[in-house]
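Just below is one structure, and these are the notes that go with it.
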Amino acid sequence: MDMLRRAGVAEPHRWPQAMMAATEQGWPAATAAPLASSNGADSYGVFKLSYDVRNEDQELLQKVWKSCIRVAVSGAAGNISSHLLFMLASGGVFGMDQPVSFQLLGSEESLLKLEGVAMELEDSLYPLLREVRIGTDPRNLFKDADWVILLGAHPRTPGMTRAELLDINGQIFREQGRALDEVASRDCKVLVVGNPCNTNALICMENAPRLRRENFHALTRLDENRAKCQLALRAGRFYTSLSRVAVWGNHSTTQVPDFLNARIAGEPAVDVIGVERWFREEFTPTVANRGGAIIERCSRSTAASTAVSIADALKSLVTPTPEGDCFSSAVCTDGNPYGIAEGLIFSMPCRSKDDGRYEIVDDFVIDEWLDEKITASEEELLKERACVSHLIPNAPPAACEITLDTMLPGEI
Ligand SMILES: NC(=O)C1=CN([C@@H]2O[C@H](COP(=O)(O)OP(=O)(O)OC[C@H]3O[C@@H](n4cnc5c(N)ncnc54)[C@H](OP(=O)(O)O)[C@@H]3O)[C@@H](O)[C@H]2O)C=CC1
Ligand SMILES: O=C([O-])CC(=O)C(=O)O
């Protein structure tokens, strides 16, 4: 903001087509040092720091913009990010009147690539994208963030056990939780995508006590979208006819895509499709293993559909949920209406109020089969929590009893 003021722009939120790629110190990305003049018009094409809308475009000057929001993204030089940032900058997620500022976190290894990402954003001339910062210090990049999307995580490598993966990534998320606690906005909403996302989100939340526990999410919207796709295919209906499709539990192969409560054109999906065996024996494992099936074909984990599902998850939080519908998000189980153990990050059906707030939908019917499945996913998450107890402040020490057969959807 300082730089915007120095640039002589009285009202930053009315400043169209102005974007600043800056390092965390606040200088333009490609220069690493201050520009000789902050109005360095030739430095970045549209990064004209002295750009003054009053002299430029009367039509845009009339437009009413909301105050700019800060969106921090880790792993921002990675595959998912390469799709996601462009969706966020286009206005398709937070709204066409919502300017955004990006604070992109990478590592020493990825910093050059991150500069390339900033340059591509610059070349895309998004009127809503007002600032791009890049850097390697979460305390700088999470500062005052309103939304934080955590993509960066160590991938599971050959020979690594799940307990080892939990520990390596848990250390990253403990550090990022601490950074959020120090510098993020108290109302900041955090969406963890990096796997194992539920337990990473839990560690992050437990290390950020200043932030609201209900504002931590782990991404299971991709699983919901996959479930909707399979139901639509089987029923021969378009996606828009589906409602109340929720996924319960962990973003792993123990996840439970709920067909019992799902509706197709307002009718129970089980009545419309009719073949009960299909739900249990085909639908459920197909959804839970979809990530692995895509890796088999593409030799990399899903990136574009994950970015789309992140956009869907964010949109669901800033848009009132249509009457009678819900969306899936893995959220804190404290006080949940289904008796799931407290202090976990567990996917459940949610409805949004507004401005990022939500409530857990409390009228889902749970039959014996569903209950058994949900309990298995809950037990898996309890075991994951025990494995990372050393990363959770004040947690009693617990033995790690994770078996090798608990898998992420992308593991085969
Ligand atoms: N929840 C869900 O539904 C899904 C989750 N995922 C998960 O999302 C994550 C990101 O996927 P994708 O973008 O494809 O992955 P990429 O490998 O392309 O990017 C991830 C980024 O993570 C960072 N990273 C890697 N190792 C470490 C480390 N040891 N410490 C800190 N950061 C590290 C790197 O960024 P840098 O060097 O800049 O730090 C890298 O660019 C993965 O964990 C993946 O499993 C994927 C699909 C679906
Ligand atoms: O395991 C992965 O990285 C991919 C993943 O989560 C998914 O496709 O659901």
Of the accessible area of the stretch 156-256, with the probe set at 1.4 angstrom, what percent is carbon plus sulfur?
-> 49 percent
Provide the net charge surrounding Met96, with neighbours chosen by a C-beta distance below 12 Å and charges set as Lys +1, Arg +1, Asp -1, Glu -1.
-> +1
Which far-off residues, 5 or more places away or on another chain, put their amide H under 5 Å from the one on Ala246, with H placed in the peptide plane?
-> Asp258
Accessible solvent surface per residue of the stretch 221-381, calculated while the other protein chains remain in place, 1.4 angstrom probe, Å² = 42 Å²
What full-extension length gain, to one decimal in nm, is calculated for Gln171 and Lys63 as 0.36 nm per residue of separation minus the Cα-Cα distance?
-> 34.4 nm
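Kindly provide the trypsin sites (Lys or Arg not before Pro) of the stretch 323-412 that DSSP labels as loop, not H, G, I, E or B, and whose Cβ sees at most 12 other Cβ atoms within 10 Å.
The qualifying sites are Lys353.
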On full extension of the chain, what length is gained from Leu112 through Glu296, given 0.36 nm per residue of separation minus the C-alpha to C-alpha distance?
-> 63.2 nm
At a 1.4 Å probe radius, carbon and sulfur cover how many percent of the accessible area of the stretch 296-406?
-> 48 percent
In the stretch 220-299, which chymotrypsin sites (Phe, Trp or Tyr not before Pro) fall in coil by DSSP and have 13 or fewer other Cβ atoms within 10 Å?
-> Phe238
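For the stretch 221-381, what relative contact order do you get, as a whole percent, if you take Cα pairs closer than 8 Å and at least 6 residues apart?
26 percent
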Tell me, how many Å apart are the Cα centres for the stretch 342-370 and for the stretch 205-221?
-> 15 Å
What accessible area per residue comes out for the stretch 69-198, rounded to a whole number of Å², with a 1.4 Å probe?
-> 36 Å²
Per-residue HN-Hα couplings for the stretch 291-306, Karplus 6.51 cos²θ - 1.76 cosθ + 1.60 at θ = phi - 60°, whole Hz, x for Gly and Pro?
-> x, x, 5, 6, 4, 4, 8, 9, 6, 7, 7, 4, 10, 5, 5, 5
Convert each backbone phi in the stretch 63-75 into a coupling constant with the Karplus relation 6.51 cos²θ - 1.76 cosθ + 1.60 (shift: θ = phi - 60°), then list the ³J(HN,Hα) values in order as whole Hz, x for Gly and Pro.
-> 5, 9, 9, 6, 5, 5, 10, 9, 10, 9, 9, 9, x
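The values are calculated or read from the model by the stated rules, or taken from the named source; none is laboratory data. No experiment lies behind these values; they were computed from the predicted model shown. Note that we place each Cβ from the backbone using ideal geometry, even for glycine, and neighbour counts take in every protein chain shown. With ligands, DNA and RNA removed, areas are computed over all heavy atoms of the protein, side chains included. Shrake-Rupley method; radii C 1.70, N 1.55, O 1.52, S 1.80 Å.
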